[in-house]
1. What distance in nm lies between label points placed 7 Å from Cα along the C-beta direction at Leu28 and Glu120?
2. Sort 3-14, 46-57, 101-112 for me by packing, meaning the mean count of neighbouring Cβ atoms within 10 Å per residue, highest on top.
3. Over the Cα atoms of the range 1-92, each weighted equally, I'd like the Debye log10 I(q)/I(0) at q = 0.11, 0.20 Å⁻¹, rounded to two decimals.
4. Please report the projected area of the chain's Cα convex hull averaged over all directions, in nm².
5. Which value in deg cm²/dmol, rounded to the nearest 500, describes the helix-derived mean residue ellipticity at 222 nm for the chain, given -39,500 (n - 2.57) per DSSP H run of n ≥ 4 and division by the residue count?
Amino acid sequence: MLVKTLFAGFGGQGVLMMGYCVAYTAMLEGRHVTFMPSYGAEVRGGTANCTVTISTAEIASPVASSPENVVVMNQPSMERFQHHVRTGGALIINSTMCEREPVRKDISVHAVPATRIAEELGDIRAANMVLAGAFTRLTHNVSLEMLLDAVGDIVGRKRAHMLELNHRAIIAGHEYFDLKKPAKKRKD
């Protein structure tokens with residue numbers, strides 16, 4: 001099994017943290033992982049993305065062309081990266097920040113109002129963790145329990161006061177699809 005995922009958004013939205021948490025979780029689960037961040041010089045407000053490759057075998061190249069999954073935090077990232085998703089892959093979008101629909105018809109599109117959910121939880125900065133939770137539910141690339149542990153390791157040291165919020169956000173994103181049926185592949 002080899003799965004490539006691209007996470008994208010504005011700098012300051014926690015895109016790199018989301019990808020790092022998923023990569024670290026896969027490592028804790030004993031898999032091979034690459035994590036490649038990319039961000040503009042201005043960081044906050046500029047574009048940021050990272051690719052995470054998870055495999056049961058050694059990874060020959062960290063380049064993630066045609067990823068199976070793309071997770072986007074905002075409209076500009078959706079416009080730019082929807083075309084990178086492999087045919088039959090999944091595009092997971094923060095629907096609070098994406099006003100227009102993707103144009104792709106050959107992929108599954110999963111809309112999660114991550115910023116709205118995070119705001120209801122008390123802090124919009126947790127939108128990235130809402131999407132991380134949704135990602136675990138939709139892809140099964142990493143387990144929910146191990147993601148919660150990984151976030152505890154990563155966030156707990158630096159921002160212990162944010163740990164409870166991040167855990168609640170991950171669970172809310174994971175449970176979002178219990179309330180709403182995931183999108184089917186569009187046929188237009």
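A short reminder: the numbers here are calculations on the coordinates, not readings from a lab. Predicted model, so just to flag it, every value in this text is computed and none were measured. Here the Cβ is made from the backbone with ideal geometry for all residues, glycine too, and neighbour counts use every protein chain on show.
1. My value for the distance between the label points is 2.6 nm.
2. Ranked by mean Cβ neighbours within 10 Å, highest first: 3-14, 46-57, 101-112.
3. Each listed q maps to, in turn, -0.28, -0.90.
4. Projected over every direction and averaged, the Cα hull of the chain covers 10.1 nm².
5. Calculated mean residue ellipticity at 222 nm is -13000 deg cm²/dmol.
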